[in-house]
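Pasting a structure here, questions to come.
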Amino acid sequence: MGGHGPFRGLEAPLALRASLDGPHAFRKHGRRTLAEVIQRPRAVLLDLDDTILDDTGTVSSCWLDACHEHGAKMGTLAPVQVYEAIERVREWYWADSERHRVGRLDLAAARRDVAHIALKDVGLDDAALAQQIGDTYHALRDTGLRPIEDAIDTVAWLRSGGYRLALLTNGSAGMQRKKIDRFGLADLFDVVLIEGEVGFGKPDPRVYTRALDALDVAPRDTWMVGDNLEWDVAQPQRQGIYGIWVDARGAGVPPGHPVQPDRIIRRLAELRSIILTTSVVLASER
């Protein structure tokens, strides 16, 4: 009898299913087998933005506020018209992987660029105004940054439980380090790998390998947790790491999407109960 939900495809006695999910539960022909299952991780690799910190929850409201703040300089345009143009442009702008890679290393410049393209889209080619809107938005985003509920407490819980921890985050050295310092995160991790500091980031295989080497753990003993299906699930899985996807909206994996997480959670705090119920260790794995 096959399992359902997070245990889909797993053949095992019903009494064992509550604990048959772990880094040794991997796929063979789309199914998991009891012989491959299960122990708690020795290490956890964690994403930062939208996993520990709420980085995008205020995106739309901050753009709208920035447009209203500079509305008097827009001539006959209403601030909401510029805001709607920005919403269209930013979706297009960040959808390109190479533009995303370059832009995230200098977010202030990228945000000015988004504002300038949007202004031109509605017939107002004003680079100075675009810079003002982009910089206001940048400041509002920084001010509004908050930890996700119970996320930092969960990291501390993992730390106190003896798990080896690595933080893997993309973006510029200055901006990401500022976030880490602001919320006192550095001391909770054994290693912190910031794209702008090490010269490469997710989904480059080297960043996961560097984390594993620094923590002195094997992929099979490691979980990766984050909100990006490619960066935090697919590439770690390719390297033998158990991939847990943070689906904050609860929308599920898009139909037909090629990436299938090993586990799906709504927020990082759920990791505690998952670890506590992942308790079966096969004798051959000890």
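Determine, for each peptide in 89-97, 234-242, 141-149, the mean count of other beta carbons within 10 angstrom over its residues, then list the peptides with the highest first.
Numbers: 89-97: 13.4, 234-242: 20.3, 141-149: 15.0.
Ranked by mean Cβ neighbours within 10 Å, highest first: 234-242, 141-149, 89-97.
What does the extension gain come out to for Q239 and A78, with contour length at 0.36 nm per residue minus their alpha carbon separation? Mind showing how you got there, number by number?
On the way: separation 161, 0.36 × 161 = 57.96 nm, distance 5.00 nm.
Length difference between fully extended and current span is 53.0 nm.
Same structure, new question: Based on the Cβ-Cβ distance of A128 and D216, what FRET efficiency does E = 1/(1 + (r/R0)^6) give at R0 = 45 Å, to the nearest 0.05? Walk me through the numbers before you get to the answer.
Values: r = 52 Å, r/R0 = 1.16.
In this case the efficiency is close to 0.30.
Another question, then. Under a plain spin-label model, where a point goes 7 Å from the Cα along Cα-to-Cβ, how far apart in nm are R159 and E230?
Calculated label separation equals 3.2 nm.
Enter the Cα centre distance for the pair region 172-197 and region 81-119, rounded to the nearest angstrom.
Computed from Cα coordinates, the inter-centre distance equals 24 Å.
Quick one: Cα convex hull volume of region 56-144, Å³ per residue? Each step should come with its number before you reach the end.
Working: hull volume 7.3 nm³, N = 89.
It is 82 Å³ per residue.
Laboratory data are not the source of any read-out in this text; all were calculated from the coordinates shown. Because the structure is a prediction, the values reported are computed rather than measured. Cβ sites come from the backbone with ideal geometry, for glycine too, and all protein chains shown count toward neighbours.
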